[in-house]
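So the structure is just underneath, and the comments pick up after that.
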Amino acid sequence: VVNGGMSWRTPEHILEKWVREEGVEKIGAADMERHFEKVERRISVGRQDPESIGRDHQLLHAAAQKKGWEVIPNLRNQLHCAGSNNCAFGCPTGAKRSTLVTYVPRALSRGARLYADARVDRIETSGGKATHVTGHFIREGGRRGPKFSARGKVIVSACGAIQTPALLMRSGVKTASQQLGRNLTLHPNAKLLAIFDEDVMGWHGVHQAYQVREFMDDGILITAVNIPPSLVAMSLPHYGKELGELMQQYNRMVVAGCLIEDSTSGHIKNVPGIGPLAFYECTPRDMERAVKAMSLTAELMFAAGAKRIVLPFEGAEDLYSVDEARALLKRTVPRDSLELFTVHLMGTARMSDDPRRGVTTSYGAVHGIPNLFVADASLFPTPIGVNPMESIMGIVTRNAEWMVEHRKALGI
């Protein structure tokens, strides 16, 4: 629902790495082919209709072609998207085929029951098996409501790479690997503002129509996104009158940025009374790549016709030429001056059939608790370098099939 909609299969070299280094069973590209195909049919993965592509992405595509950089159309889970560029905040037309309009209605029609505003506090176990979950409902205004308990022969945690390990930790789950909550990767992102001397109207057109993949071997992916004025303003190192004057040019802005494939990892710690806290520190190598990515992105925007680039570095002067963009590579940028963000959280309950390495088996079952499964990006043994939505859905589809095939052993 709150997702840009990019739908990419897990790169083959990543899947092969998981087989080779983590001993994950039947997850090679050939094994995953039919699972990805099934997901793509269900959520209508395809290219954008041409009329849904806005001026910001037309400029990005033309600039990449001009420079001879590899640029590809984005695959998204949409059906005749209208291009209202509200993807990350909920599609207003229903064109985005999120689980809200695909998997959830299908599950409900087959007997699933859905309870909203219900917070799970613990997964209870007995005799080496998960037996039920306990929690409480949330009333209007965030007030704590009545308690509940729900039993199941199989229990699945699909809370994401922050809340899944936190839930398992609260529940007293321990594994021999001691990797629960560790191995957090998150694809650091950085963005800049490119200002043109013409209206671009970035809010007309789809969220992301193209990706520049020229530098994927270096773990850098470049694209353009549009975000609302409030989010642009809050992330800028400008204040008062200066910020107001800059935001007057919102219709002439292209927000462009990059994704960096991690070379390190962090961890999650569950603090009683507070909740999960994430700890992650970029390596010098990743900081260098982020600066390089900003230089390349700025160079691309100047090729698109930008007249001014506002950088995400505290205290940095704006750029007005390609030469100034390239000169970024020679600068030492203090690590605490660079604004980074992320939307791709992965890896805190990673798969491995070796219980000394992984939190879960190849099919998502928590080691030592055979009927407790994880079904989210926590499962990823490594970062994947691309948008993770379809990877999550494909892997979980594969794991669900395994669960059905082994239902007698699982007691269901």
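The values are calculated or read from the model by the stated rules, or taken from the named source; none is laboratory data. As the structure is a prediction and not an experimental result, all values here were calculated from the model. Reconstructed Cβ throughout: ideal geometry from the backbone, glycine too, with neighbour counts over all protein chains shown. Surface areas here come from the heavy atoms of the whole protein model, side chains and all, with no ligands, DNA or RNA. Shrake-Rupley method; radii C 1.70, N 1.55, O 1.52, S 1.80 Å.
For this structure, a couple of remarks:
- Residues considered: PHE341, PHE313. Of these, the only one that is more than 30 Å from TYR103 (Cα to Cα) and aromatic (Phe, Trp, Tyr) is PHE313.
- Residue in region 148-156 that is modelled with pLDDT of 95 or more and within 21 Å of VAL343 (Cβ to Cβ) present: no
- The one condition from (1) surrounded by 23 or more Cβ atoms within 10 Å (Cβ to Cβ); (2) out of contact with any strand residue (DSSP E or B) (no Cβ under 8 Å at 6 or more places or on another chain) that ARG331 does not meet is (1).
- Total residues in region 346-382, condition in a loop (DSSP other than H, G, I, E, B) and touching a strand residue (DSSP E or B) at 6+ places or on another chain (Cβ under 9 Å): 20
- Identity of the residue in region 141-160, outside any strand (DSSP E or B) and farther than 24 Å from THR175 by Cα, that ends up least open to solvent (accessible area, probe 1.4 Å): GLY142
- Residues that are part of a strand (DSSP E or B) and open to solvent by 10 Å² or more (accessible area, probe 1.4 Å) do occur in region 177-188.
- Region 341-356 - residue that is more than 24 Å from the chain's Cα centre (by Cα) and among the charged types (D, E, K, R) and, of those, surrounded by the fewest Cβ atoms within 10 Å (Cβ to Cβ): ARG356
- Residue check for GLU281: exposed (fewer than 15 other Cβ atoms within 10 Å of the Cβ) and in a loop (DSSP other than H, G, I, E, B): yes
- Residue in region 80-95 that is aliphatic (A, V, I, L, M), within 30 Å of PRO381 (Cβ to Cβ) and open to solvent by less than 40 Å² (accessible area, probe 1.4 Å) present: yes
- Filter pass, LEU186 being touching a Ser or Thr at 6+ places or on another chain (Cβ under 8 Å) and of a type outside the set (Lys, Arg): yes
- Every pair of residues 6+ apart whose Cβ atoms lie under 7 Å, when the first sits in region 117-140 and is surrounded by 14 or more Cβ atoms within 10 Å (Cβ to Cβ) while the second is among the β-branched types (Val, Ile, Thr) and assigned to a loop (DSSP other than H, G, I, E, B): THR125/ILE369; LYS129/ILE369; ALA130/ILE369
- Set GLN249, GLN211: member being more than 22 Å from the chain's Cα centre (by Cα) and of a type outside the set (Lys, Arg): GLN249
- Test: residue in region 384-403 that is under 24 Å from VAL225 (Cα atoms), open to solvent by less than 10 Å² (accessible area, probe 1.4 Å) and either assigned to a helix (DSSP H, G or I) or out of contact with any Pro (no Cβ under 9 Å at 6 or more places or on another chain) (or both): yes
- Members of region 291-314 that are assigned to a loop (DSSP other than H, G, I, E, B) and out of contact with any Ser or Thr (no Cβ under 9 Å at 6 or more places or on another chain): GLY305, ALA306, LYS307, LEU311
- Looking at LYS66, LYS17, just one residue is farther than 30 Å from PRO146 by Cα, in a helix (DSSP H, G or I) and open to solvent by 80 Å² or more (accessible area, probe 1.4 Å), and that residue is LYS66.
- Taken over region 20-57, the criterion of being part of a helix (DSSP H, G or I) and in contact with a helix residue (DSSP H, G or I) (Cβ under 8 Å, 6 or more places away or on another chain) is satisfied by ALA29, ASP31, MET32, HIS35, PHE36, LYS38, VAL39, GLU40, ARG42.
- Residues of region 217-270 classified as open to solvent by 40 Å² or more (accessible area, probe 1.4 Å), charged (D, E, K, R) and farther than 19 Å from SER295 by Cβ, total: 5
- Members of region 45-67 found to be of a type in the set (Gly, Ala, Ser) and touching a strand residue (DSSP E or B) at 6+ places or on another chain (Cβ under 6 Å), listed by number: ALA64
- Within region 8-57, tally of residues that are within 13 Å of ARG76 (Cα to Cα) and basic (Lys, Arg): 4
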